[in-house]
Amino acid sequence: MSSFGEVSAQVRQSVDQHREAFLTAQPFKHVMIEDFFDPAFAAQLLAEFPSFDKKLSINESGHASGKSVNTNIRTISPAYQQLYELLGSRPFLDFVSQLSGIPDLLLDPKMFGGGTHENLHGQDLDPHVDFNYDESRQLHRRLNLIVYMNQEWRTEWGGALEIHSNPRRPEENQIHSFDPLFNRCVMFETNEYSWHGFPKIHQPEDKRHLSRKSISIYLYTKERPTEETAPVHATFYVQRPLPPRFAEGHRLTAEDVVELRRLLTRRDQWIELYQKMELRKNAEIAESSAYCDLLASRTRVPLTGYALVQEASEGLLGDEWASSTVRLRIQTLQPVTALLVRGYRPESAPATKLRALVNGTPVAESPISGSFELNVPVTQESFELSLFSDSHPGWAKATGDDRDLAFILTELRVLHATAPRS
């Protein structure tokens, strides 16, 4: 393995130990690694940690919060430029692959959602499962690696990283906590049950100038084991249960009322956010479906020559069959002399004629039985073609098909002045 001095020598020499702890951890794979970065490099990262930026504190609901996230770490300072280059380097990624047992890890160059995280007094993070797929780069999210940058922190201040077994079942939920201490790394896999968050930060007044600082690194792979793959989703949050003091016989205080209102407001905001997400996704699905329907309606027209179908066709049934009434609009791309309608009508079907109209004017007519060809004279650059035949619903129904079947349309060939007929 190549040497990279930003990660402490102690950590690099203890890969096997940390991998064993990671692979055997419950309720999902995780490991805590002390003194992750070289001491001098960690001190430099803390010294150059960016100050809290309100412009970077807008949360999912569009409101300013007590959490600031700077994803563009390469522009922060020389130390963070060095960190960015480290995170994307093959030696570092291979090293983390050895730690986790996950091969071929990749860094998102934009570090979406990652980078420096700073949380102020009063901020918390509800238990959640992270989004599982980067749709823009078509990569699976596999691993979170968080390094904390807090030289002075006490357990009673809150803010500890919590790993949950299942926050949706508070009575059964098991929690493992890790205080956000300086140069401590917590690495964990991201899957459909890797619930994590942190409780509210509550510092004494004389310590509120301190914040909870961390560097979040998210890693991806191109492939993922089939048994771990789920439909693409955004981050799922679960709001925290009522504090233990809300029990039978408890008398509400003014502080309790404030807390209840805060919890209900948060739940309402998440419900509103998820509703908006559903509406947006459904709109995208509807738009995509409409486009696919239009595309299908055009591509199932067997049109050949220098011409396009301008609008959705009428009377073409999608499996080459045409009904007794067919309409479509054609745009030619080169001068046109005629249109050949080629098809087949089963000889067992009742005798009928096919009549062709161009822009509502009858221009051609012919009996159709077996293979047929109808020559339709046309010279317009853009025109509506209508094809009519007598309807014989009883014939189609006798074959076990209740549709209005007239003939199989095999080709609409546009003939051009410069192209020989074949």
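Sticking to Cα atoms, compute the Rg of the stretch 9-241 to one decimal and its Dmax as the biggest Cα-Cα distance, whole number, in Å.
Rg and Dmax of the stretch 9-241, Cα atoms, are 16.9, 51 Å.
For a quick check: with amide H placed at 1.01 Å from N, whose amide H comes under 5 Å from A25's, ignoring anything fewer than 5 positions away on the same chain?
Those qualifying (amide H under 5 Å, at least 5 residues apart or on another chain) are H30.
Distance from the Cα centre of the stretch 137-153 to that of the stretch 399-415, in angstrom?
Here the answer is 60 Å between Cα centres.
Taking the dipole about the Cα centre of the chain, with the C-beta of Lys and Arg at +1 and of Asp and Glu at -1, give me whichever of L354, S165, Q203 is farthest to the positive side.
L354
How do M277, M111 rank when sorted from fewest to most other Cβ atoms within 10 Å of their own Cβ?
Numbers: M277 13, M111 21.
Exposure proxy ranking, most exposed first: M277, M111.
What is the magnitude of the charge dipole of the chain about its Cα centre, with +1 placed on the Cβ of each Lys and Arg, -1 on the Cβ of each Asp and Glu, and no other charges, expressed in debye to the nearest 20?
Numbers: 45 positive and 56 negative charges, 134 e Å.
Around 640 debye, computed over the chain.
Only sites in a loop by DSSP and with at most 15 other Cβ atoms within 10 Å count here; which trypsin sites (Lys or Arg not before Pro) in the stretch 89-145 make the cut?
Details: sites: K110, R137, R141, R142; in loops: K110, R137.
Answer by residue number: K110, R137.
Evaluate the charge dipole of the stretch 303-416 about its Cα centre and quote only its size in Debye, nearest 20, assuming +1 on the Cβ of each Lys and Arg and -1 on the Cβ of each Asp and Glu.
Numbers: 9 positive and 14 negative charges, 38 e Å.
Roughly 180 debye for the stretch 303-416.
As a check on your grasp of the helix formula, calculate [θ] at 222 nm for the chain: sum -39500 (n - 2.57) over DSSP H runs of n ≥ 4, divide by the residue count, round to the nearest 500.
-7500 deg cm²/dmol
Only counting other Cβ atoms within 10 Å, I'd like K276, K200 sorted with the fewest neighbours first. Show your work: numbers first, answer last.
Details: K276 11, K200 15.
Fewest-to-most Cβ neighbours within 10 Å comes out as K276, K200.
From the cross-link list K222/K281; K110/K213; K67/K276; K29/K55; K54/K213; K200/K222, which pairs have alpha carbons spaced over 27 Å apart? Each step should come with its number before you reach the end.
Numbers: K222/K281 24 Å; K110/K213 20 Å; K67/K276 23 Å; K29/K55 35 Å; K54/K213 15 Å; K200/K222 36 Å.
Beyond 27 Å between Cα atoms: K29/K55; K200/K222.
Send over the semi-axes of the stretch 207-292's equivalent ellipsoid, whole angstrom and largest first, taken as the square roots of 5 times the C-alpha gyration tensor eigenvalues. List each step's numbers first, then the result.
On the way: eigenvalues 278, 104, 45 Å².
In descending order, the three semi-axes are 37, 23, 15 Å.
Given Y80, A21, H250, which one lies farthest toward the positive end of the charge dipole of the chain, if we put +1 on the Cβ of every Lys and Arg and -1 on the Cβ of every Asp and Glu?
The Cα lying farthest towards the positive end belongs to Y80.
Would you grab the residues whose amide H sits under 5 Å from the one on L354? Only those 5+ places off in sequence or on another chain, please, with H modelled 1.01 Å from N.
When sequence neighbours closer than 5 places are left aside, the close amide H contacts are S366, I368.
Rg to Rh for the chain: what is it, with Cα atoms only and Rh by Kirkwood?
Result: Rg/Rh = 1.23.
Within the chain, what's the longest stretch lacking GluC sites (Glu not before Pro) that sit in DSSP loops with no more than 11 other Cβ atoms inside 10 Å?
Working: sites that count: E135, E152, E171, E172, E223, E248, E347.
Counting at most 11 other Cβ atoms within 10 Å as exposed, the longest clean stretch of the chain is 1-134.
Positive end of the dipole of the stretch 98-183, charges at C-beta (+1 Lys, Arg; -1 Asp, Glu), about the Cα centre: which of Q174, Q123, Q98 has its Cα farthest in that direction?
Highest projection toward the positive end goes to Q98.
Quick note: the coordinates plus some simple rules give every number you see, no bench work behind them. Quick caveat, the model's predicted, so the values are computed rather than measured. Cβ coordinates were reconstructed from backbone atoms using ideal geometry, including for glycine residues, and neighbour counts include every protein chain displayed.
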